[in-house]
1. May I ask you to list the residues of region 116-132 whose amide nitrogen lies under 19 Å from a point 7 Å from Cα along the Cα→beta-carbon direction of Glu149?
2. Working out 0.36 nm times the residue gap between Arg494 and Glu339, then minus their Cα-Cα distance, what length gain in nm do you get to one decimal?
3. Keeping every protein chain in place, order Ile520, Ile375 by accessible area at 1.4 Å, biggest value first, i.e. largest first.
4. Region 196-226: which trypsin sites (Lys or Arg not before Pro) are DSSP loop and have at most 13 other beta-carbon atoms within 10 angstrom?
5. Can you pull a Stokes-Einstein diffusion coefficient for region 185-245 at 10 °C (1.306 mPa s), Rh from Kirkwood over Cα pairs, as a whole number of µm²/s?
6. Express the relative contact order of region 201-267 as a whole percentage, based on alpha carbon pairs under 8 Å and six or more residues apart in sequence.
7. Give me the net charge for the shell around Leu199: Cβ to Cβ below 10 angstrom, other residues only, Lys and Arg +1, Asp and Glu -1.
8. Which cross-chain or sequence-distant (5 or more) residues have an amide H under 5 Å from the amide H of Ala478, H modelled 1.01 Å from N in plane?
Amino acid sequence: MARKPSSADRAAPATRPVRAATGRPALTWAGKRPLDPVAPPLARPLRLVETHDLRAHQLRAHDWRAHMPGVARALPATLQDAGREANLLFHADNKDMLACLLANGFGGRIKLIYIDPPFDSAANYARKVTLRGATGGPVLFGNARPLGEQLQYTDIWAGEDYLQFMYERLFLMRELLSEDGSLWLHCDHRRVHYLRMLLEEVFGADNYLNTISWRSQVARGAKVNAFYFPFSTHYLEVFARNKAAPTTWNPVKKEIVLTEAEAAAEYMRDERGFFRTSDPGTYSFERLKALHAEGRLYAPYGGEVVVDEASRRVFASKGGNIGVKYYLKQGRRGRYIVERAVDNLWDDIPGLGTTPGEDCGYPTQKTEALLRRIISVSSNPGDWVLDCFAGSGTTLAVAQQMGRRWIGGDINRGAIQTMVKRLHAVKPPSASRGSGRRQAGANGAGDLPAVASHRFVVYADSAGCANDCNGLAQRARARVTVRRDHGATPPIIRVVVEAFVSPAVMERVRQAGPETAPRIDDWRAVVDSIMIDPSYDGVAFQPALVDAPRKRSGLVQGRYQWPAGPGATTVAVRMTDVLGEELLIVASV
């Protein structure tokens, strides 16, 4: 009988040598075109169209120029000149904006870039439009009624256009970063894996720092029962320009607030309060004696702390190891505050739904607490912070508050209007915030002022000029009186808005139908803001007065005055309705 072949009888399979892998994984798609970072595409021409002084938000009935120095000053000749004394806002395609910055000497000068780009969500994003007034909207039979929604931007892409769009801009951002700078890219589950690969290709896998998971919302309503679990997390991909520089990084702590019952469940307590203990490690005898004198040593099992001078030992009388006490900070209303290290799971920063006081009405707005942490970690006072998908302006507002220089941009006119109003509501940084640090060195920012500038300028391309109101006068009408009052001592200039009619708003009212159409009794319910340039030169709009109530229940004043200077002047009054339509009234007095 033939025997069954054993494993030893079987021929060994043929093998071929495995060569070491070369290169790295990379995404590819039809039409993939790398961008030459050394020679970026020629940007469309951008011109300065507005200058703003953040001290102009205060409405006063006396001399503006005494309180708002810098108004009606000579315009900077170049973008570099503007950047020496003002922050920068661009109303343009951000590819043109980034290329323009590189062409004007900003390469290698930006310490932090945060971007919240489109998510490729296959959706349109709109803001709710309401009339102004005590109820926050038009009133009919005592009920507030909004004027519907207004499209702000579209996040619908064909094929892999989205990847090419991001790919080109990431190259430009990399060239703008300083050697010790970093980029934070905000995204969600849809494209996070693709964007991580793009970032590794552009910045290098060795410059990857971390991926932050942020709980952006708490599932409620129907989302609680979503199949395959609800989506409640956003992601922050963090990359360094050159990790070996090393990258600017300021570790932060997070504070957790506990009730007395919660603190009692987790911590020990003595007459000074709740505490935890930590092993003293290599503390010297003298240091342990000092801690004992402060009442900060703990002995377990109800024992006492014994200090033996002869043997130079500190120990517990009933055995066990002594510990160093760390007490919780006591807050208000019987609360206790715990400081803990921040890791890459951020569940302590709420989304916008739970911070309605910050809501600007702009879709996909992010919270100030999120940007405050990012800016704190990756920049220092006086550093440049850039956001080229600025949207509602959260990055810019927080950077202004924290004494940073900032550059922002967006292609959407509604975003620019939202940012300008929001920035005028920001209080200037104070010396107590530590904004007096001057930056110098390899990032080329040695000419920065000691504090964040209170001025910003707006650049726009020829197609979307920020103060180009041609044609808008045909869509909106106003009755405005601008006159010089010689009877007053000293003479004053008065501006009185008597009426404002917005056909675009009235069309929305008409579409509501006769039964639900709101009644507009006060023209101010239609006006979102009024800005006045008392010395308009016809080139750039430089408002010295900004009347833009932050709350929807607020109304513009409509009457303004200031001491007249010698000689004739040209006054420009820009009125913006709740739909963002603008009307520019120009008068010589």
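1. In region 116-132, the label zone of Glu149 (backbone N under 19 Å from the point 7 Å along Cα→Cβ) covers 118-131.
2. 50.3 nm
3. Ile520, Ile375
4. In loop regions of region 196-226 (DSSP not H, G, I, E or B), the sparsely surrounded trypsin sites (Lys or Arg not before Pro) are Arg220.
5. Diffusion coefficient, whole number: 122 µm²/s.
6. So the answer I get is 35 percent.
7. -1
8. Those lying under 5 Å, H to H, from Ala478 are Val501.
The values are calculated or read from the model by the stated rules, or taken from the named source; none is laboratory data. Here the structure is a predicted model, which means the values were calculated and not measured. Note that each Cβ is placed from the backbone with ideal geometry, even for glycine, and that neighbours are counted across all protein chains shown. Note: areas computed on protein heavy atoms with side chains; ligands, DNA, RNA excluded. Shrake-Rupley method; radii C 1.70, N 1.55, O 1.52, S 1.80 Å.
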